[in-house]
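Engineer: Mind having a look at this structure? Questions to follow.
Bear in mind that the values in this text are calculations on the coordinates, not laboratory data. All figures in this text were calculated on a predicted structure; none of them were measured in a lab. For neighbour counting, all protein chains shown are included, and Cβ atoms are generated from backbone atoms with ideal geometry for every residue, glycine included.
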Amino acid sequence: MTVLPFGMFDIARVSNGKTRSISAENPDGRVGGGAQEIPDEKNAGAWLGKGWKVRPCITLPPESNTVLADIEGPGTIRHIWITVDPKAYRDCILRMYWDGEKTPSVEVPLGDFFCNGHALRVNINSMMIAVNPNGGFNSYWPMPFRKHARIEVENQRWEEIGGFFYQITYELDEVPDDAAYFHAQWRRAVTPIEAPEHVILDGIKGKGQYVGTYMAWTQLANGWWGEGEIKFFIDGDKADAPTICGTGTEDYFGGAWCFGDTYSTPFLGYPLWRKEPGEVPKHGLYRWHVPDPIRFETDLKVTMQALGWWPNWKYQPLQDDIASVGYWYQLDPHAPFPEMLPVHLRWPR
């Protein structure tokens, strides 16, 4: 039987799993560890006493790294909720490490991980990522670990970021032998006009499945921008011969005929189409390969072309500014990620 996400067929079954949750009010998720902060005169609820919303959030110091979760396994992270000022969306990096690995399996600017690229708030109504008014980030990607999980956020901004709220809910239980580790990687580049192809992932080595794409697309030319094809190079495919080849950008994200409107659905969406006077147009798109994962045995590369139209109805190569997140599961160890761009090269146009 095919198992749906979140154990939908198993929700009525009792198990030996133990639910825990980490937040600013219980920073290590320990049993009976919530609501233990002692209020002082600066706290808004000090007059109510202990247990009354004394420490609901934290402050991220400037140019610093903060550990949000440090968990002994085995277990699975089930839900992550975060909200913070949009100035953190590109200036803070979210990282996740599984089972003591030295390099992260997840390394993505905070906003982009939750489909809020361009440092802009936008609502997302999907199965795996939900963003609700006003900037409530939710992830439902299951993240299994066998020995240890660590989640960090690095504030690379020159100033502190206050009001960082978070809740990380996980289940302590055995992890199946065939459960792979969750990964996510961010890239940004301007597509070269000679070969306008954006690389979403490259150099992925191992066995697993590709499960999602998010793109924050900044349009730098007039007219239609989404004619390019997505390509999946799987298990030794040659550079000019992918196994899976799409038919157009809007097609891959589940739309058609140049979109014409925004939408957000359980597994795919085009939630952002921003075209303001004095600004370059900005687009945000996601697709989750949960019902249709892209499976690979040894290696994987994923690319997206940037194409529009010339006035003579021939394809026009585009020099667009594209940032992307590729989400996948694989059996570790994973190949090293490209070096994260410095903060000033992550800022939106």
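Engineer: Peptides 260-266, 58-64: what's the order by average Cβ count within 10 Å, highest mean first?
Structural biologist: Details: 260-266: 13.3, 58-64: 15.4.
Listed from highest to lowest mean packing, they are 58-64, 260-266.
Engineer: Report the relative contact order of region 1-179, percent, no decimals, based on alpha-carbon pairs under 8 angstrom and at least 6 residues apart. Each step should come with its number before you reach the end.
Structural biologist: Numbers: 400 pairs, mean separation 58.6, N = 179.
Computed over region 1-179, the figure is 33 percent.
Engineer: Run the simple label-point estimate for A335 and Y140 please: 7 Å along Cα→C-beta, distance reported in nm.
Structural biologist: Modelled inter-label distance: 3.2 nm.
Engineer: Subtracting the Cα-Cα distance from 0.36 nm times the residue separation, let me have the gained length for K50 to Y263 in nm, one decimal. It would help to have the intermediate numbers written out before the result.
Structural biologist: On the way: separation 213, 0.36 × 213 = 76.68 nm, distance 4.44 nm.
Extending this stretch completely gives an extra 72.2 nm.
Engineer: Largest first and in whole Å, what are the equivalent-ellipsoid semi-axes of region 180-349 based on the Cα gyration tensor, each being the root of 5 times an eigenvalue? Before the final figure, lay out the partial values.
Structural biologist: On the way: eigenvalues 137, 60, 54 Å².
In descending order the semi-axes read 26, 17, 17 Å.
Engineer: Another question, then. If you filter region 78-150 for chymotrypsin sites (Phe, Trp or Tyr not before Pro), then keep DSSP loop positions with at most 11 other Cβ within 10 Å, what is left?
Structural biologist: Values: sites: W81, Y89, Y97, W98, F113, F114, F137, Y140, F145; in loops: F114, Y140.
In loop regions of region 78-150 (DSSP not H, G, I, E or B), there are no sparsely surrounded chymotrypsin sites (Phe, Trp or Tyr not before Pro).
Engineer: Once phi is turned into ³J(HN,Hα) by the Karplus curve 6.51 cos²θ - 1.76 cosθ + 1.60 with θ = phi - 60°, what whole-Hz value does each residue of region 163-177 show in order, with x for glycine and proline?
Structural biologist: x, 8, 9, 7, 8, 10, 9, 9, 10, 8, 6, 5, 10, x, 4
Engineer: Kirkwood-based Rg over Rh for region 1-138 (C-alpha set), two decimals? Spell out each step's value before the answer.
Structural biologist: On the way: Rg = 17.5 Å, Rh = 17.7 Å.
Dividing the radius of gyration by the Kirkwood radius yields 0.99.
Engineer: Let me ask something additional. Rounded to the nearest Å, what's the spacing between the alpha carbon centres of region 186-206 and region 258-293? Just the number, please.
Structural biologist: So the separation of the two Cα centres works out to 19 Å.
Engineer: When all alpha-carbon pairs of the chain are counted, what percent fall beyond 36 Å? The partial results should precede the final answer.
Structural biologist: Details: 13423 of 60726 pairs.
Across the chain, Cα pairs with separations above 36 Å total 22 percent.
Engineer: In whole angstrom, how far apart do the alpha carbon centroids of region 8-84 and region 151-181 sit?
Structural biologist: Between the Cα centre of region 8-84 and that of region 151-181, the gap is 11 Å.
Engineer: Exactly which trypsin sites (Lys or Arg not before Pro) in region 193-242 are in a DSSP loop and have at most 12 other Cβ atoms within 10 Å? Walk me through the numbers before you get to the answer.
Structural biologist: Numbers: sites: K205, K207, K231, K238; in loops: K207, K238.
Filter output for region 193-242: K238.
Engineer: Loop-only check: which GluC sites (Glu not before Pro) in region 152-198 are DSSP coil with at most 16 other Cβ within 10 angstrom?
Structural biologist: Working: sites: E152, E154, E159, E160, E171, E174, E194, E197; in loops: E159, E160, E174, E194.
Within region 152-198, the qualifying GluC sites (Glu not before Pro) (loop, at most 16 other Cβ atoms within 10 Å) are E159, E160, E174, E194.
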